[in-house]
Amino acid sequence: MSSALATGTLDAPRATGAEQPALVRSTAPARIAARQWGQRLAALAWRVVKPSVAILAFLALWEVAPRVGLVDKVFLPPFTEVAATFFELTANGQLWEHISTSLSRALTGFVIAVAIAVPLGVAIAWYRPVADFLNPVLELFRNTAALALLPVFILILGIGETSKVALVIYACAFPILLNTISGVRTVDPLLIKSARSLGFSQIALVYKVVLPAAVPTIFTGLRMAAASSILVLIAAEMVGAKAGLGYLITAAQLNFQIPDMYAGIIAIALVGLIFNTVLVFVERRLSSWRVAL
């Protein structure tokens, strides 16, 4: 009896000592998983914050510089003052009126330019006679700046909407056209030979093989064209318009409403950013077949 009691008394510490490593082993995976989750959350937070750091630093510099006298606050108001004006113009609908006017002009010209330049680029890249016939004219006009032709467009088409849309078409057409030609000409010849060996017709070959393979290069041209459309349109609206972001900036400058002028500039930046984001999204949808590196 006494030996049994003694045995039980002696065995008890051995069992406790055996459970401790087991407990450590059971909690170790949980701690590792928690640490991994923490690292992932930190990486995600840094990924979200990292692009904003430079912007926040720029806005902080904009806010501080006029207040400490580094620049004259009459010509560069603090960012908070410009932001308040931006929201005020947004609330009373004045800013949206100018944005919608500029957007309608830019989108109209951009869509028409895409409808003209993409098929023309495919034809030039695919058919040598078309390239030989059109290349001299294209080389002549693509080296002529769009803004240099603004007076010509106004003289021929008037000061209304037509001249502005035509200028946007001209500015957008060449980036799209040249990138389409480059994209079609650089399609992997093996893809074309494979499609021909499968009996694809010329139209099916272009539609199902060449254009999808050229999508990344074409979209590079589309994004360049989108930026050009905003650029030339704002310049055209500064010269002759009664509405639009270019008109808003010029009118605000002439009336010495400096915060309004900066609000218009911020609106242009946001419109360009949204335009580019939409194009990047569409490009990723259309080129989802590409293998990510």
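The values are calculated or read from the model by the stated rules, or taken from the named source; none is laboratory data. These numbers come from a predicted model, not from an experiment. Backbone-built Cβ (ideal geometry, glycine too); neighbour counts: all protein chains shown. These area figures cover heavy atoms from the full protein model, side chains too; ligands, DNA and RNA do not enter into them. Shrake-Rupley method; radii C 1.70, N 1.55, O 1.52, S 1.80 Å.
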Check your understanding: Quick one: is PHE133 of a type outside the set (Asp, Glu) and either more than 24 Å from the chain's Cα centre (by Cα) or buried (at least 17 other Cβ atoms within 10 Å of the Cβ) (or both)?
Key -> yes
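Rundown of residues vs (1) in a helix (DSSP H, G or I); (2) over 16 Å from VAL118 (Cβ atoms); (3) touching a residue at least 12 places away in the same chain (Cβ under 8 Å), yes/no style:
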residue: ILE203; (1), (2), (3): yes, no, no
residue: VAL206; (1), (2), (3): yes, no, yes
residue: ALA213; (1), (2), (3): yes, no, yes
residue: THR220; (1), (2), (3): yes, no, yes
residue: ALA226; (1), (2), (3): yes, no, yes
residue: SER229; (1), (2), (3): yes, no, yes
residue: LEU233; (1), (2), (3): yes, yes, yes
residue: MET238; (1), (2), (3): yes, yes, yes
residue: ALA241; (1), (2), (3): no, yes, yes
Point to revise | Residues of the stretch 156-201 satisfying the condition of being in contact (Cβ under 8 Å) with a residue 40 or more places away in the chain, within 30 Å of the chain's Cα centre (by Cα) and open to solvent by 80 Å² or more (accessible area, probe 1.4 Å) | key: GLU161, ARG185
Practice item. Just one of (1) out of contact with any helix residue (DSSP H, G or I) (no Cβ under 7 Å at 6 or more places or on another chain); (2) within 26 Å of VAL239 (Cα to Cα) trips up THR85, so point out which. Key: (1)
Review point. Based on what the data block shows, is VAL271 touching a helix residue (DSSP H, G or I) at 6+ places or on another chain (Cβ under 8 Å), in a helix (DSSP H, G or I) and farther than 27 Å from PRO77 by Cα?
Key: no
